[in-house]
1. Return the total of residues in the stretch 110-142 being aromatic (Phe, Trp, Tyr) and exposed (fewer than 15 other Cβ atoms within 10 Å of the Cβ).
2. Quick check on Gly209: is it closer than 21 Å to Gln120 by Cα, in a loop (DSSP other than H, G, I, E, B), at pLDDT 95 or above and not β-branched (Val, Ile, Thr)?
3. Condition first: charged (D, E, K, R) and assigned to a strand (DSSP E or B). Now tell me which residues in the stretch 102-143 satisfy that.
4. With respect to the numbered conditions (1) within 42 Å of the chain's Cα centre (by Cα); (2) within 26 Å of Gly140 (Cβ to Cβ), which one is the sole condition not fulfilled by Gly209?
5. Among the listed residues Ser200, Ser229, identify the single one that is over 41 Å from the mean Cα position of the chain (by Cα) and assigned to a helix (DSSP H, G or I).
Amino acid sequence: MNKKKLIFYALCLVFSFILTGCSQVTELSSDQEDMIAAYCAKTVAKFNKKKVQGVINLRREEPETEEVSEEPEVPETPDTEGTEVELEAPEEDLETATEETVSEEDLANLPSATISEALQLTGLTFVFKNAAEVGYYSMGGYYDLSPAEGNDFLVLTFDVRNDTGSDIVLNIPSTMAKFKVSVGGTSNTADNTILLNDMSNFSGTIAAGSSEELVLLFQFKPEYLTDLSTIRLQLVQGDAQTNIVFEG
């Protein structure tokens, strides 16, 4: 469809409308006719989808936007190839008492008492059985306890007897007492262990007419344990310290 035909069809429509709608014909100038023809041509061409040139193609093309994906920045890692990296091993907190130097004169000036008297316990007797130097301690054959490297255990064994006709509750932790032993010119405090028969932490009932074997474990270097006959046991409660007299 060319432009002249479009103009012709548009003019025919206009003149038909004028002739049928009004009895009086309005004469148009040549300029007005050209304006009407141009307007009609543009209006008709607006909906002509096959035309792709000039003002006829009125479709708007949206500008293409390029999608940019933001990638997270990866921090640069230093090149450690060929470099030795030192890893610190976690420190192990060992609750091992430190040996202290002690003199016989200092020990001689301390008051003396049995364990029952020092702890003000009635009905119980703490009978000292023996002292032994061991490299490890085994409880019942199913639990082994080892001292710190370079040390041995000094094990003191007691037989706690209840000679009364009633059960007696023994709770050592409630007394806030600590046991210290002196041997070879040095002294050390008993270890706190999870042993069920550790006298330092024992809390239980001694049945009437029965006994319970309890132990105290101390750590010493072997050179201080050459003569166990010089052992002296002290009981410490706060600032008070008492020399223990062995019973039995």
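The values are calculated or read from the model by the stated rules, or taken from the named source; none is laboratory data. All of these numbers come straight from a predicted model, not from anything done at the bench. Counting neighbours? That spans all protein chains shown, and the Cβs are built from the backbone with ideal geometry, glycine included.
1. Going residue by residue through the stretch 110-142, those that are aromatic (Phe, Trp, Tyr) are 126, 128, 136-137, 142.
Okay, now just the ones that are also exposed (fewer than 15 other Cβ atoms within 10 Å of the Cβ), so 136, 142.
Summing the residues that are aromatic (Phe, Trp, Tyr) and exposed (fewer than 15 other Cβ atoms within 10 Å of the Cβ) in the stretch 110-142 gives 2.
2. Numbers: closer than 21 Å to Gln120 by Cα: yes; in a loop (DSSP other than H, G, I, E, B): yes; at pLDDT 95 or above: yes; not β-branched (Val, Ile, Thr): yes.
Taking the combined requirement at face value, the residue satisfies it.
3. Of the residues in the stretch 102-143, the ones charged (D, E, K, R) are 104-106, 117, 129, 133.
Matches in the stretch 102-143: Lys129, Glu133.
4. Just one mismatch for Gly209, condition (1).
5. On the way: Ser200 fails: over 41 Å from the mean Cα position of the chain (by Cα).
Within the list Ser200, Ser229, the selection yields Ser229.
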